[in-house]
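The values are calculated or read from the model by the stated rules, or taken from the named source; none is laboratory data. Since the model is a prediction, treat every value here as computed from it, not as a measurement. Glycine gets a Cβ as well: all are built from the backbone with ideal geometry, and neighbour counts include every protein chain shown.
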Amino acid sequence: MTRPEPLPDSAVERALVVVAHPDDVDFGAGGTIATWTEAGIAVSYCLCTDGDAGGFDPDVPRSDIAGIRRDEQTAAAKEVGVDDLTFLGYPDGRLTVSVELRRDISRVIRGKRPQRLLIQSPERNWERIYSSHPDHLAAGEAAISAVYPDARNPFAHLELAAEGLEAWAVPEVWVMTTADRADRFVDVTGTYERKLAALRAHVSQTSHMDDLDAMLRGWLGINAAAAGYAEGRLAEAFKVVNTA
């Protein structure tokens, strides 16, 4: 059986990103998002939490963190051409694959009606455990469950139908992953500076990282090498799943 080819960017009008925390999309796919918006795709973000358990400054009141991180993500999104953000407000560090989370993501999917969804992997990576934060795994599993079967089933989450949100089947899901698990690479050499600017907008998370640029170039260089790109190119890595 022939595996369907991923949709060309020219066939995508709307894309939705679902992640656990502010900064997740910028670390995993900021350069790719910039390429999509440059191609004319309208990209929306859905953040499951406000990242209220993050931050490194003990002098900042914990009650201020959620607002700070929302503002940082809003500023970061602008760097890559995104100004449509939804924050679901679940507690950072306590995200679970609940029916409520699936419903709330389904609500966003039905409202935005994307042809492409970008999510975090629901599979634990034993070789790189830091990419497998429990919130990331939960966000990934809830998002793919919202794609199938929830958002496309008119009889799932009947409260959404009562809100006037009709069922929507997402044709394609991109999963952020590592080079060894990827089947799709995006050359982000030309949008790298926008990715870096987005990450630097997350001041509470990255201002202490003197090696941010070198770290990113190292990761993206590994991806580019795995993709067979020329030396010096930078790439982000994904697994693309046909969900039509």
Checklist line | Within region 97-106, considering residues that are under 17 Å from the mean Cα position of the chain (by Cα) and either of a type outside the set (A, V, I, L, M) or surrounded by fewer than 21 Cβ atoms within 10 Å (Cβ to Cβ) (or both), the one nearest to residue 139 (Cα to Cα) | finding: 97
Next item on the list: Among the numbered conditions (1) within 17 Å of residue 27 (Cβ to Cβ); (2) in contact (Cβ under 8 Å) with a residue 12 or more places away in the chain, tell me where residue 138 comes up short.
Entry: (1)
Note to self: So, in region 206-244, exactly how many residues are modelled with pLDDT under 95 and in contact with a Phe, Trp or Tyr (Cβ under 9 Å, 6 or more places away or on another chain)?
What the structure shows: 2
Item checked: Number of positions in region 46-94 that are buried (at least 23 other Cβ atoms within 10 Å of the Cβ) and of a type in the set (Lys, Arg) -> 1
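Within region 50-59, can one find any residue that is under 15 Å from the mean Cα position of the chain (by Cα) and part of a loop (DSSP other than H, G, I, E, B)? Steps first, please.
Of region 50-59, the ones under 15 Å from the mean Cα position of the chain (by Cα) are 50-51.
Pick out the ones that are also part of a loop (DSSP other than H, G, I, E, B) and you get 50-51.
Scanning region 50-59, I find at least one residue that is under 15 Å from the mean Cα position of the chain (by Cα) and part of a loop (DSSP other than H, G, I, E, B), so the answer is yes.
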Next item on the list: Among residues belonging to region 196-244 that are in contact with a strand residue (DSSP E or B) (Cβ under 7 Å, 6 or more places away or on another chain) and under 25 Å from residue 51 (Cα atoms), point out the one that is surrounded by the fewest Cβ atoms within 10 Å (Cβ to Cβ).
Entry: 220
Next item on the list: List every residue pair whose Cβ atoms lie under 6 Å apart, where the two residues are 6 or more positions apart in sequence or sit on different chains, the first residue falls within region 154-165 and is surrounded by 10 or more Cβ atoms within 10 Å (Cβ to Cβ), and the second residue, located anywhere, is of a type in the set (Ser, Thr, Tyr).
Entry: 157/106
